[in-house]
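S.K.: Here it is: the structure, laid out below.
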Amino acid sequence: MKKTTSFVLATLALAFAASASAQFAKPDDAIRYRKSALFVMQQNFSRVAAMAAGKVPFDAKVAAESAAAAEFAGKLPWAAFGDGTDKGDTRAKPEIWKEHAKFQEYADKMQAEMSKLTVAAKAGNLDGVKAAVGATGGTCKGCHDAYRKD
Ligand code: ASC
């Protein structure tokens, strides 16, 4: 039973990995896709971060829409770090492909914090937005420090 479960899980994992990488015709497409998604995420996050920092007035509607867009865009890049996408127009460090599970933990942590930002923004809670922007930004920085060449 245990063996069967492991086999099923392993098969599902392989199927998922295959479908995740199969959506890109070539490695350059995967690199462009993940950079585009991260750019859209960053642009939307920054709009909310500017409000949290008091650089622009807090607009709850814009903050909620931007946070939701950042949250959605933040789900996309990770399927585009498949095998063979470590070389090209990218600052991604080779460690990503050596310790993929650890890299994925950083990605998951960012998404968890980003979800809290959407919740706070939807509630129109500026203090909550400030806290969530800080926590989310920390996860961006942590992953960049570990996995991005500067
Ligand atoms: C941003 C951005 C990042 C993070 C990071 C937070 O807006 O582009 O990489 O926030 O600077 O420390």
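S.K.: Quick one: in region 137-150, of everything that is surrounded by fewer than 16 Cβ atoms within 10 Å (Cβ to Cβ) and at pLDDT 95 or above, which residue is nearest to the ligand (Cβ to nearest atom)?
M.R.: My answer is K141.
S.K.: Within region 69-78, which residues are crowded, with 19+ Cβ neighbours inside 10 Å and either of a type in the set (G, A, S) or more than 15 Å from W97 (Cβ to Cβ) (or both)?
M.R.: A70, E71, A73, G74
S.K.: Within region 51-67, does at least one residue satisfy the condition of being open to solvent by 20 Å² or more (accessible area, probe 1.4 Å), closer than 30 Å to D89 by Cα and at pLDDT 95 or above?
M.R.: no
S.K.: Moving to a separate point now. Between K116, K122, which is open to solvent by 70 Å² or more (accessible area, probe 1.4 Å), more than 16 Å from the ligand (Cβ to nearest atom) and not small (G, A, S)?
M.R.: When all the criteria are applied, what remains is K122.
S.K.: I'd like to verify a number: residues in region 44-68 that are near the ligand (Cβ under 10 Å from one of its atoms) and either touching a residue at least 12 places away in the same chain (Cβ under 8 Å) or assigned to a loop (DSSP other than H, G, I, E, B) (or both), how many?
M.R.: Residues meeting the conditions: 5.
S.K.: Is it the case that region 127-136 has a residue that's farther than 21 Å from F24 by Cβ, more than 16 Å from the ligand (Cβ to nearest atom) and not β-branched (V, I, T)?
M.R.: Yes, region 127-136 has at least one match.
S.K.: Does K109 satisfy the condition of being in contact (Cβ under 8 Å) with a residue 24 or more places away in the chain, closer than 16 Å to I31 by Cα and open to solvent by 70 Å² or more (accessible area, probe 1.4 Å)?
M.R.: Spelling it out, it is not the case that K109 is in contact (Cβ under 8 Å) with a residue 24 or more places away in the chain, closer than 16 Å to I31 by Cα and open to solvent by 70 Å² or more (accessible area, probe 1.4 Å).
The values are calculated or read from the model by the stated rules, or taken from the named source; none is laboratory data. Just so you know, these numbers come straight off a predicted model, no measurement behind them. Please note: Cβ atoms are built from the backbone with ideal geometry, for glycine as well, and neighbour counts cover all protein chains shown. Heavy atoms of the whole protein, side chains included, go into the accessibility calculation; ligands, DNA and RNA do not. Shrake-Rupley method; radii C 1.70, N 1.55, O 1.52, S 1.80 Å.
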